[in-house]
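Novice: First the structure, then my questions, so here it is.
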Amino acid sequence: MKADPRNAERLHLAVVARHQAKKVKQARGLVERAIQVALENASYRVTLGQIFDKAGELPLAAAAYEAAVTLDPLDAETYFTLAGAWKRMGHFDTAIQCYEKIIGDSAQQRTRSLQSGKCTQSGRAAGRSG
């Protein structure tokens, strides 16, 4: 499949249908193809994270969510989702960093915080426990 955003969107629609039908392996394969076709699309990475999340693969979900916020650092909803994944993995300090990015005192502060980068475990690669 050539690098055409319309093809990626068709793949993404197929992913949603497969995922709703609980065909997780097919959905994962299709969303990974969509990501390859549209490398800069953050929403496809969020979808991949959701697939991992529902499968209980939280480190992989967090990595996918982090890739999404790297592409779209102003997406507060994905930061919230990422924080929840970190929290469920028991990495509360990292989760708090994510939550702090979305609950700033003002919209301007929140924008600056989101633009400052993703929340990660200090000194650790995403997806590793410790």
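The values are calculated or read from the model by the stated rules, or taken from the named source; none is laboratory data. A quick note: this is a predicted structure, and the numbers were derived from the prediction, not measured. Methodologically, a virtual Cβ is constructed for each residue, glycine included, from the backbone with ideal geometry; neighbour enumeration extends over all protein chains shown.
Novice: Go through (1) buried (at least 18 other Cβ atoms within 10 Å of the Cβ); (2) farther than 15 Å from V15 by Cβ and name the single condition A27 misses.
Specialist: Checking A27 against (1) buried (at least 18 other Cβ atoms within 10 Å of the Cβ); (2) farther than 15 Å from V15 by Cβ, the one that fails is (2).
Novice: Answer with yes or no whether G49 is modelled with pLDDT of 90 or more and not in a helix (DSSP H, G or I). Give the derivation first.
Specialist: Numbers: modelled with pLDDT of 90 or more: yes; not in a helix (DSSP H, G or I): no.
No, not satisfied.
Novice: Could you please give the count of residues in segment 109-124 that are within 15 Å of the chain's Cα centre (by Cα), part of a loop (DSSP other than H, G, I, E, B) and either at negative phi or at pLDDT 90 or above (or both)? Steps first, please.
Specialist: Going residue by residue through segment 109-124, those that are within 15 Å of the chain's Cα centre (by Cα) are 114, 117-120.
Pick out the ones that are also part of a loop (DSSP other than H, G, I, E, B) and you get 117-120.
Keeping just the survivors that are either at negative phi or at pLDDT 90 or above (or both) gives 118-120.
Residues in segment 109-124 being within 15 Å of the chain's Cα centre (by Cα), part of a loop (DSSP other than H, G, I, E, B) and either at negative phi or at pLDDT 90 or above (or both): 3 in total.
Novice: If V16 passes every condition in (1) touching a helix residue (DSSP H, G or I) at 6+ places or on another chain (Cβ under 8 Å); (2) at pLDDT below 75; (3) not acidic (D, E) but one, which one does it miss?
Specialist: (2)
Novice: Output yes when any residue across segment 74-85 is assigned to a helix (DSSP H, G or I) and farther than 13 Å from C119 by Cβ, and no when none is. Let's see the steps before the verdict.
Specialist: Kept after step one, since they are assigned to a helix (DSSP H, G or I), are these residues of segment 74-85: 76-85.
Now narrow it down to the ones that are farther than 13 Å from C119 by Cβ: 77.
Yes: one or more hits.
Novice: Further, regarding this structure: With L39, L30 as the choices, which residue is free of Cβ contacts under 8 Å to residues at least 60 places away in the same chain, farther than 16 Å from C119 by Cα and over 15 Å from the mean Cα position of the chain (by Cα)? Give the steps one after another, and end with the answer.
Specialist: Working: L39 fails: over 15 Å from the mean Cα position of the chain (by Cα).
Answer to the selection: L30.
Novice: Tell me yes or no: at least one residue of segment 94-108 is under 25 Å from V24 (Cα atoms) and modelled with pLDDT under 70. First the steps, then the outcome.
Specialist: We begin by selecting, within segment 94-108, every residue under 25 Å from V24 (Cα atoms); these are none.
For segment 94-108, residues under 25 Å from V24 (Cα atoms) and modelled with pLDDT under 70: absent.
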